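Enquirer: Structure incoming, see below.
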Amino acid sequence: MGVDPAAIGTVLEPVSMDIERGRLVAFARATGQLDPVYSDLDAAKNAGHRDLPVPPTFLFAIEQELPNAFQWGLDLGIDLRYVLHGGQDFSYHRMAYAGERLTATSTIAEVYTKRGGALEFVVKKTAVTDESGSLVADLTLTLVVRHPEVAA
Amino acid sequence: MTVLDDASVGTELPALRIPPISRTTLALFAGASGDTNPIHLDHLIAKSAGMDDVFAHGMLSMAYLARLLTDIAPQERLRSYGVRFAAITPVEAEPTCTAKVVAIEEVDGERRATLELIAALPDGTTTLAGSAVVALA
C-alpha cells in the first residue's frame with residue numbers, strides 16, 4: 001500500500017513548543033556537546049547570546065512535541081517500522097534562543113516512488129516561526145518508506 | 001578568526017571523532033530530541049522490522065556533524081545545513097565526522113563557504129553525506 005499522492009499539499013496542524021533551557025542542556029548532553037555556550041547561560045552571554053542558543057538541528061524537535069509525533073504518517077497509511085529518515089535540510093533565517101515559543105507548520109510537499117514501488121518517498125516541508133509570525137527557519141524532511149512486499 | 005576563516009577551497013577541517021554510541025546515548029537523545037521512535041530503543045521492535053538490533057537516530061549523527069560546524073564557526077554564521085542519510089549507524093558504532101571546503105562564493109553581500117560533510121564508520125561506510133553553507137568573517 002502506497003501513500004495516496006492526493007495527500008500532496010495537505011497542511012498539518014501547527015505545533016508550538018516553549019524552548020526551555022533545561023531541554024537544551026539535555027540535548028547538549030545527549031549529543032556530547034561540550035561547548036559551554038550550549039549549556040551554560042554565562043558562557044552563552046559572554047559569547048554575545050541573549051540566552052542559550054537553539055542548536056542547528058534542535059528545531060526538528062518541535063513537531064516531536066505532539067502526543068503522537070508520527071500521527072501524520074499513520075494518517076497517510078505508513079507503517080512506522082518501515083520508515084527510514086532519508087534526508088533532512090535546514091535553512092536558517094535567524095538564531096533562536098531559550099525562552100522563545102516557536103511554531104512549526106508543515107505541508108506534505110511531495111510523494112513519489114522508486115524501484116518499482118519498493119521505496120516510497122514522502123517529502124514534508126516545515127516553516128518554523130516565532131511569536132510575531134516571523135520565519136526562523138525552513139525545514140525539509142524526506143522520509144523513505146520501505147515496501148518489502150514489493151519485489152525490487 | 002576561526003579555523004574556517006583561514007580556509008580555502010580544498011581545506012579539510014579538523015575531524016570530530018565520536019566515542020561508541022551506547023544504548024544509553026540513544027535513550028538520552030530520544031528524550032532530548034523528542035524522537036521516541038521505538039526502532040532506536042527497543043530491540044524487539046527493531047527485529048520485527050527485520051533489523052538485527054536497534055540503531056542510532058539519523059538526527060543524532062546530524063547533531064554530531066552540527067557540533068563540527070559550530071566548532072569551526074559561531075552558529076550565527078550557519079546559513080543552511082542538509083544531509084542525506086546513506087546507511088544506518090549501528091548501536092556501539094564510532095562515527096567520524098569530516099568537513100571539506102568545496103566552494104567559497106560571494107552571496108548576498110557576504111563571503112560564504114560551502115562545506116562537504118561526511119559521517120563515516122571505521123570500515124569506511126558513509127552513514128551521512130551532506131553540505132552546509134557558512135558565512136566567513
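Enquirer: Select, from A:VAL3, A:VAL54, A:VAL15, A:VAL25, the only residue that is at pLDDT below 95 and β-branched (Val, Ile, Thr).
Expert: None of the others qualify; the one that does is A:VAL3.
Enquirer: Looking at the range B:80-102, is at least one residue farther than 22 Å from A:ALA61 by Cβ and buried (at least 23 other Cβ atoms within 10 Å of the Cβ)?
Expert: Yes, the range B:80-102 contains a residue that is farther than 22 Å from A:ALA61 by Cβ and buried (at least 23 other Cβ atoms within 10 Å of the Cβ).
Enquirer: State the number of residues belonging to the range A:6-54 that are under 28 Å from A:ASP75 (Cβ atoms), touching a strand residue (DSSP E or B) at 6+ places or on another chain (Cβ under 8 Å) and either of a type in the set (Lys, Arg) or loosely packed, with under 12 Cβ neighbours inside 10 Å (or both).
Expert: 3
Enquirer: Looking at the range A:111-120, can you tell me whether even one residue there is aromatic (Phe, Trp, Tyr), away from every other protein chain (no Cβ under 14 Å) and either within 18 Å of A:PRO5 (Cβ to Cβ) or buried (at least 16 other Cβ atoms within 10 Å of the Cβ) (or both)?
Expert: Just the residues of the range A:111-120 that are aromatic (Phe, Trp, Tyr), to begin with: A:112.
Then keep just the ones that are away from every other protein chain (no Cβ under 14 Å); that gives A:112.
Filter once more, keeping what is either within 18 Å of A:PRO5 (Cβ to Cβ) or buried (at least 16 other Cβ atoms within 10 Å of the Cβ) (or both): A:112.
Checked against the condition, which is being aromatic (Phe, Trp, Tyr), away from every other protein chain (no Cβ under 14 Å) and either within 18 Å of A:PRO5 (Cβ to Cβ) or buried (at least 16 other Cβ atoms within 10 Å of the Cβ) (or both), the range A:111-120 yields at least one hit.
Enquirer: Could you grab me the full set of residues in the range B:46-80 that are within 10 Å of chain A (Cβ to nearest Cβ), hydrophobic (A, V, I, L, M, F, W, C) and within 20 Å of B:ALA15 (Cβ to Cβ)?
Expert: Of everything in the range B:46-80, those that are within 10 Å of chain A (Cβ to nearest Cβ), hydrophobic (A, V, I, L, M, F, W, C) and within 20 Å of B:ALA15 (Cβ to Cβ) turn out to be B:LEU60, B:MET62, B:ALA63, B:LEU65, B:ALA66, B:LEU69, B:LEU78.
Enquirer: Search the range B:65-90 for residues being of a type in the set (Val, Ile, Thr) and in a helix (DSSP H, G or I), and hand back the single one that is modelled with the highest pLDDT.
Expert: The extreme case among them is B:THR70.
Enquirer: Let me ask something else. Restricting to the range B:19-44, count the residues that are facing chain A (nearest Cβ under 7 Å) and part of a helix (DSSP H, G or I).
Expert: 7
The values are calculated or read from the model by the stated rules, or taken from the named source; none is laboratory data. Values in this document were obtained by computation on a predicted structure and should not be read as measured data. Because the Cβ atoms are built from the backbone with ideal geometry, glycine has one as well, and the counts that use them run over all protein chains shown.
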